[in-house]
Every structure is written in C-alpha cells, then in structure tokens.
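These notes are about the structure you will find just below.
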Amino acid sequence: MTSHPERLPNQEDIGRVLGRSGSNVASDVLIRYSGELLGACSHIVVLGSCKVGNFIVSTPVLNGLKARFPDATLGFIGSDVTADFEAAHTAIDWRLSWDSAQPGAGLSLLRQLQQNIDAHGPVALAVNLDGFNPVTCALVPWLRPRFVAGGSLGINLRRSLPWGSLPQQRFLADVDWDSHAFLERYQPIFKSNYIAELFCQLAFVADYVDPRTINLPQERPPFDVPDLLIHCTTARAAKVWSFERWREVINHATQRGFSVGLVGSPPAAQRDSYNAGEGEDWLLETTALIDLRGRTSLIQLAGACAEAQAVISVDAGPLHIAAAVGTPTLAIVGNDRDGTGASPIRLWLPRVAVLQRTISSSSCSVCAKERFRNDNCLVDGHPCMSGVDVEQVTGWLDQRLNCLS
C-alpha cells in the first residue's frame, strides 16, 4: 500500500493556529489513510457538507467508523443547516459547524477544535466528506491528523495533498463518478456508484456497514400531517419541474379527497435560494395546497414524512429524508431510462425499495458534460424536465393512495 507523507516546514507557525506550541503538535506529516488500525480510544474527526442530502448519505460512513472503531471518539465538523440531525446522531460524540456566520466564528471554531483535541487526544484520522470545499480542505491540516481520507491541503497549506494510489484513494481524482465507466473501472471493489458507498470506501469501512441503510431521528411535527407531502424546488434550477404541472398533480390529489402539504425552507429562503420565485405562492393561491414551509426542524420533517402516506419531491434534501424514513416516495427527475439527464442519479438516488423515479422522454447529456455544475438548463425548452409528463406522477400517486380510498 502506498502512502503520501508531506513534511511540515514550520511546525510552530501552524501549531499557533490551534493555540499550541510546536512541541505539542500531534503529527508533523499527513499520510493518506489506507485502512490502518488506529489504536485504542482513538480520536476521529469527520468533516461534512452544508447540504441536507449530503449529511444523510454521510450517516453510513459514520456508523461504519463506529462499528470498526467502537472505542473511538468521533467528532463531526458540519453545518448549522444540519445541526439538529448531527447532534442527534448516535455515532457522533461532539460536533461543530464550519459555516457559522456569527462574528468571530472562525476563531471560535479553532478554539473549540483545540478544546476537543485537549479532551480526546490528537486526531488519528480526519475524513473529509466535502473534499471540494476549500474551507474543509483547509481545516484538515489544522487538525494535525496522523491519517487523512478525502480532500485536504498539504500541511503547509500551499497545495493539495496527493490523492494516493489505492482505488479507495485515487477515485477522488476522477470527474465521472455518475458514469457507467466509473463503476467499470473500480469493480469488483466498488459495488455501485452510490455516494454513500463511495464515502464508506474512502474511509475503508465498506465491509463494516451497508451503505444503503440509512436511519434518521424523527419527531412528530406541530401540525396534522397531510396525506401527501410535496417539495417543488432545489438550489439548482436545472432540476426544477414546471409549477403548472405541479398544479395538475395537486388538483388531481385534492379532487380525490386527499390533503396535500408543501414542505421546504421558510418562504423567503425558498424564493431567494431555492428557485421558487413566485411559483410556490401561485400554487398556494390557486389550489388547496397547505403551506408547511419553515414549520419544522429537520427531525420534525423526518417525522412528518414518516406520517405521510406518500411524498413527491424533486432531487433535493426532502427526497432523501422521505426515502430514509421508509415512506413511498417519487423522485421527479429529468433523467432517461438509462439514467442520463439533469440529475446525477447513479451517484445520488437513494437505494431503497420505497423510492421510484420518473423517466424523461428526452435524453440529454449536457448536464453530465458540465459535471452537473450548471445552475440553469443550458438547452432551450428544458427538455429533460419537460419530458416528465403529469401522467407519470398522477399514475404513481393513484397506486399509492388507492389503499386509502
């Protein structure tokens, strides 16, 4: 197995960032993790994303690390957005946010990291699950771990740490995680493209956990849960379905006597950050849709999804929540039968029996060529999402709700 150490040019300077002298630095090299044992009562730190779906697919690797290293202390540097999920996760022993917008948040984060290192010992392994985030990549070397999995700057903060040569390391340098070719390159070591499995592979815990199994904490929400919950928007406009078609689905359900609730962030955030525009307000004005946006924590949203008879969502966080709690869920995605389209579904779609997806009549690979980094659709007429007809959605809904009739 090949490791890639990088020497520390100035231990004292980097040590002062975390309030320690050079003589107390835990490690003066960063070594790519290759599955080594970590020793008794080791200290592991996992760094996560600021997106709901990303945290949900991170839970298997957290469980895998605890299964492999049951006496380890597991810290998590995550997000204010997913803080309630993080704090409730049984594998996490301490958590902090890297994205706090409070004054002095950066210095406060470093002080709190030092307190946790003082309390639990030097970091044996840092696992960065948001390896394309410059903040988390800078935090990894400041933790001074012995081993690193995932993205990281080098110890001198001047260039990226080399990925490593093992399959579980070098796949991070690839750009086609959602493709058939990617899986062919890494079989039989990798069993799928699913992002939760890839996270387990980079942490060398794929043999300790089933990455398809995701359990979320739940709490009953402060309202009566409608029969059907829908989520219409996402931060990436290329994945949004027509509000006119959403209106037809809502009317179809309500005409049959079923209640429909709209979940999401508070209305202002939906408009400003999630491409709702005036579309959601129009739906609320012209249908019997119940406005539940901003009325739950994430844990309460999980509880609401668990109580609902069905959930329909575009490719966004509530889709992952609904699938994880076992509710029949339809993903409205603009992907053809082979999986090519607006969303990287081979990589991100939950692997559970309760989830089904739409199939677009249009086949378009433009988003894949852009590595799904384009916000808006780049093709006139948005053919991939326009290729998802209302009848697919209402047909699925009829099958789910017939048992309630």
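Quick notes on this structure:
- DSSP beta bridge pairing in the range 31-128, given as percent antiparallel to the nearest 5: 0 percent
- Here the contact order of the chain, divided by its residue count and restricted to Cα pairs under 8 Å and six or more residues apart, works out to 14 percent.
- Among the listed options [x] 38.7, 136; [y] 22.2, 72; [z] 23.3, 73, the one matching Rg and Dmax of the Cα atoms in Å as calculated from these coordinates is [y].
- Value in Å of the Kirkwood radius, where the range 261-405 supplies the Cα pairs that are averaged: 16.3 Å
- The charge dipole of the chain, taken about its Cα centre with unit charges on the Cβ atoms of Lys, Arg (+1), Asp and Glu (-1) only, comes to about 1040 debye.
- Of Arg32, Arg185, Arg144, the one that fluctuates the most in a GNM where the chain has Cα springs shorter than 10 Å: Arg185
- Considering all C-alpha pairs of the range 128-201, those separated by over 15 Å amount to 55%.
- DSSP bridge pairs, the chain: antiparallel proportion in percent, nearest 5: 10 percent
- Ordering Ile117, Leu401, Trp246 by Cα displacement along the dipole of the chain toward the positive end leaves Ile117 in first place; charges were set at the Cβ atoms of Lys, Arg (+1) and Asp, Glu (-1).
- Value of relative contact order over the range 257-392, rounded to a whole percent, pairs C-alpha under 8 Å and six or more apart: 17 percent
- What the Cα convex hull of the range 302-368 gives, in volume per residue, is 72 Å³.
- Sorting Ser79, Ser365 by accessible area puts them as Ser365, Ser79; the probe is 1.4 Å, largest comes first, and only protein heavy atoms count.
- Accessible area of the chain belonging to carbon and sulfur atoms, whole % at 1.4 Å probe: 50 percent
- Stokes-Einstein translational diffusion, the range 22-134 - Kirkwood Rh over all Cα pairs, 0.692 mPa s, 37 °C, in µm²/s: 223 µm²/s
- Distance from the C-alpha centroid of the range 252-286 to that of the range 167-218: 35 Å, rounded to the whole angstrom.
- Per-selection metrics, the range 157-245 (Cα): Rg and Dmax in Å: 19.0, 54
- GNM top mover of Val311, Val225, Val127 - the chain, alpha-carbon springs below 10 Å: Val225
- In the elastic network of the chain, a GNM with C-alpha springs shorter than 10 Å, the most mobile of Pro344, Pro267, Pro211 is Pro267.
- Our summary gives the range 74-172 a relative contact order of 17 percent, counting only alpha carbon pairs under 8 angstrom and 6 or more residues apart.
- Among the trypsin sites (Lys or Arg not before Pro) in the range 220-314, those placed in a DSSP loop whose Cβ has at most 15 other Cβ atoms within 10 Å are Arg256.
- Ignoring the sites themselves, the chain has its longest run without GluC sites (Glu not before Pro) in a DSSP loop having at most 12 other Cβ atoms within 10 Å at 1-277.
- Solvent accessible area, Å² - Thr296, 1.4 Å probe, full protein context: 40 Å²
- Options Leu157, Phe132, Trp98, ranked by Cα towards positive dipole end of the chain, top entry (Cβ charges): Leu157
- Normalised per residue, the accessible area of the chain is 41 Å², obtained with a 1.4 Å probe and no contribution from ligands, DNA or RNA.
The values are calculated or read from the model by the stated rules, or taken from the named source; none is laboratory data. Model, not experiment: these values are computed from the prediction. Every residue, glycine as well, gets a Cβ built from its backbone with ideal geometry; the counts of neighbours run over all protein chains shown. These area figures cover heavy atoms from the full protein model, side chains too; ligands, DNA and RNA do not enter into them. Shrake-Rupley method; radii C 1.70, N 1.55, O 1.52, S 1.80 Å.
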